[in-house]
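See below for the structure under consideration.
Rule-based calculations on the coordinates, nothing more; no lab input. In this text, all values refer to a predicted model and were calculated from it rather than measured experimentally. Neighbour counts are summed over all protein chains in view; Cβ atoms, including those assigned to glycine, are modelled from backbone coordinates with ideal geometry.
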Amino acid sequence: MKSKKFLVAVTGGVLGVLAILLVKLGNPANMGYCIACFLRDISGGMGFHRTDTVQYIRPEIFGLVTGAFLAAFFTKEYKAIGGSGPFARFFLAFIAMVGMLVFLGCPVRAVLRLAGGDLNAGVGILGLIVGVYIGIQFLNKGFSFGKAINQHSVNGYIFPAAAIILMILLISGVSFFFTSKSGPGSMHAPVVVSGAAGLIIGILAQRSRFCMIGGIRDFFLFRDTHLLIGFFSLLIFAFLGNITIGAFKLGFAGQPIAHTDGVWNFLGMVLTGTAATLLGGCPLRQIIAASEGNTDCAITVIGFIAGAAFAHNFGLAASPKGVPMTGQIATVIGLAVVFLIGLLGTYRSSSVVGGVSCGRNG
């Protein structure tokens, strides 16, 4: 157990250090490593949405997938499985992305924002904790998507293969993707550095089972703190990194790519936390599991990308100016839909977590 805790702590610490390094080399401030933001940018880079300030094929994601796949393959932990409520997972991920874009970040970025002094992120993290707690109530009553089954290995290879091909195209300098000329999408570290950072985190996260949602969930359910250590390690190392480069700014106002509407920061992350708990893990963990061969998690990642496209095409996403009325309405509707899915997916079971897991292939 001590070795597991150490590996989780190392993963969080390295993630924090690399996030600050990526910011120093060009990524947006407090966004050195944001899974939701990067998937949104990739969605725009593929032309799925038309917001020209957030369009860029982020190498960090493809490096993350490649690293996790290689780690799983060479340690013989790669296994193609699926069939556990793929469409329901897609829909929950779609809704969760709306919540993250209302808050303006995933759970990883929430911690990075707090480490940079953004107190709005503290409000969001409180919402995330409440969301996880709500999700746990469904898990305790037996919520489940059903049992995943073994699949032909080719099904699991498609997701990492696509990521590796896109990484090669990026490194080769192809220019047929959409790329922002201004805004967050125009801010990025060099491709090779970004890809390498993703590769490192992919390997570490696969070996440690690092998961932001899992850490909070396991503490509530079992008083198990080993995944939660990664949360605090990320916070501490990112905080020290921000202090070192002079990027720490304490307060609510004037924070980079953030808004000060506390109600919607809170509710956006309540939505994210509830949906992610039912899904079995944060966006980072979903990508890692998809890279290990879990096709349900691959569908979940596609759901995140589709949700990002929808949020931007229909004006739901927040901006530093605040949350549009459409985004507020979508958040409330999203909460209602997630609660309904939780209720409909609940049945009596002797299992506490009903087959939903942040662990290997889960």
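Structure above, values below:
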read-out: Candidates SER291, SER153, SER180, ranked by Gaussian network fluctuation over the chain, Cα under 10 Å, top entry; value: SER153
read-out: Neighbour net charge for ARG58 - beta-carbon separation under 11 angstrom, K R +1, D E -1; value: -1
read-out: Ellipsoid equivalent to region 22-64 - semi-axes via the Cα gyration tensor, in Å; value: 18, 12, 8
read-out: Calculated SAXS-style log₁₀ I(q)/I(0) at q = 0.30 Å⁻¹ - region 258-321, Debye, Cα scatterers; value: -1.21
read-out: For region 9-147: Kirkwood Rh in Å [reciprocal of mean 1/r, alpha carbons]; value: 17.1
read-out: Sequence-separation-based contact order of region 177-245, relative, with Cα cut under 8 Å and 6+ spacing, percent; value: 18
read-out: Relative contact order %, the chain, counting alpha carbon pairs below 8 Å whose residues are six or more apart; value: 36
read-out: Distance violations [Cα-Cα > 31 Å] among LYS2/LYS249; LYS5/LYS79; LYS76/LYS141; value: LYS2/LYS249; LYS76/LYS141
read-out: Cα-centre dipole for the chain with unit charges at Cβ (Lys and Arg positive, Asp and Glu negative), debye to 20; value: 540
read-out: Positive-end residue, region 2-344 charge dipole about Cα centroid, Cβ charges, pick of ILE287, ALA88, GLN55; value: ILE287
read-out: Translational diffusion coefficient (Stokes-Einstein; Kirkwood radius from C-alpha pairs) of region 2-344 at 25 °C, 0.890 mPa s, in µm²/s; value: 126
read-out: Burial order of peptide ranges 221-232, 274-285, 52-63 (average beta-carbon count within 10 Å, highest first); value: 274-285, 52-63, 221-232
